[in-house]
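Below is one structure, written out as structure tokens, with a few remarks after it.
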Amino acid sequence: MPHATAAFSHATAAMLWGLPLPARLQSASVLHITVWGGAYPPRVRNVVGHRTTDPPRTALRGGLLLISPADSWCQLSRMLDELELIEAGDRLLGRPTPLATVHELDDAIARYGQRRGCRVLRAARERLRAGSESPKETGLRLEVIAAGFPDPEPNGIIQLRSGRSTHGDLVFRRWKVLLEYDGDHHREDASQWAKDVDRLNELAGNGWLVIRVNKRSRFGEIARQLADALELRGWVHVQASGPAGESAVSADSRARSALSVERSALSVDLSEV
């Protein structure tokens, strides 16, 4: 680092904080550094320099001075589309240890002001939810909402009759329905598999309907099963036409098409703050 008034920022800081980023940023060979206090940004090979007038919010991680997690997320708004920004933002508020509070996040957005990317930043903020554990959970939650289902509670705590508590990945509490995303570790780790069986059996014994999802699950089928479970518990699925699965697929396709257009329209100038 060139001097005391410099910190790692943008995608570099986001990766060091552990925010999930798309492969094109994870594999980039450049480092982003922001300077302040009248200093000039470094002009070094594979370093992208940024400059700001006011001292930014910073914190140490592993002995490195980084732009704060919330402010780093705001800086990503010129590099990510809305879906990618939501996935990264959910990590800020997610489990097991949040990197920022809602108040810190909103303050960072206010500091970001009207810089380029502010519109997608504010749109993504409206769709963030606390409690997510992975980008897969976030993506599934957004697909469920786009398909016209109720907004689920990410990793909501469930009190059991035994006195113990557990949590579900996506909780439809009013109807006692769960969507559970099973990563490969659930299948490959025998101890985890045994815990899952015990937990799901106890949830069933407490009246919860559990729909399990993995990376090979087709969303049309998930939507059909989710609609069946929710309707069994009294929910009414209002849709324009077609069965639940078809409605979900079309809504998801429209959302992804819109994001694809938005992504292709992005023009990222990494030399600006």
What is the sum of charges around ALA14, taking Lys and Arg as +1, Asp and Glu as -1, for the other residues whose C-beta is under 12 Å from the C-beta of ALA14?
-> -1
On full extension of the chain, what length is gained from ALA204 through LEU160, given 0.36 nm per residue of separation minus the C-alpha to C-alpha distance?
-> 14.8 nm
Amide H to amide H under 5 Å from HIS50: which residues, 5+ apart in sequence or cross-chain, H placed 1.01 Å off N in plane?
-> ILE33, THR34, VAL35
Net length gained if the chain between ARG212 and ALA59 were fully extended (0.36 nm per residue, minus Cα distance) | 51.2 nm
Please give the per residue accessible area of segment 57-99, computed with a probe of 1.4 Å over protein heavy atoms only, in Å².
-> 33
Mind checking which of VAL44, PRO96, ILE33 is farthest towards the positive end of segment 1-132's charge dipole, using Cβ charges of +1 (Lys, Arg) and -1 (Asp, Glu) about the Cα centre?
-> VAL44
Could you list which residues have their amide H under 5 Å from that of ARG212, counting only those 5 or more apart in sequence or on another chain, with H placed in the peptide plane?
-> GLU180
Those trypsin sites (Lys or Arg not before Pro) in segment 1-98 that DSSP places in a loop and that have at most 10 other beta carbons within 10 Å = ARG43, ARG45
List the residues whose amide H sits under 5 Å from the amide H of LEU65, counting only those 5 or more places along or on another chain, with H placed 1.01 Å from N in the peptide plane.
-> PHE8
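The values are calculated or read from the model by the stated rules, or taken from the named source; none is laboratory data. Keep in mind that what you see is a predicted model, and the values were worked out from it rather than measured. Positions of Cβ are generated from backbone atoms using ideal geometry, with glycine treated the same way; all protein chains shown enter the neighbour counts. With ligands, DNA and RNA removed, areas are computed over all heavy atoms of the protein, side chains included. Shrake-Rupley method; radii C 1.70, N 1.55, O 1.52, S 1.80 Å.
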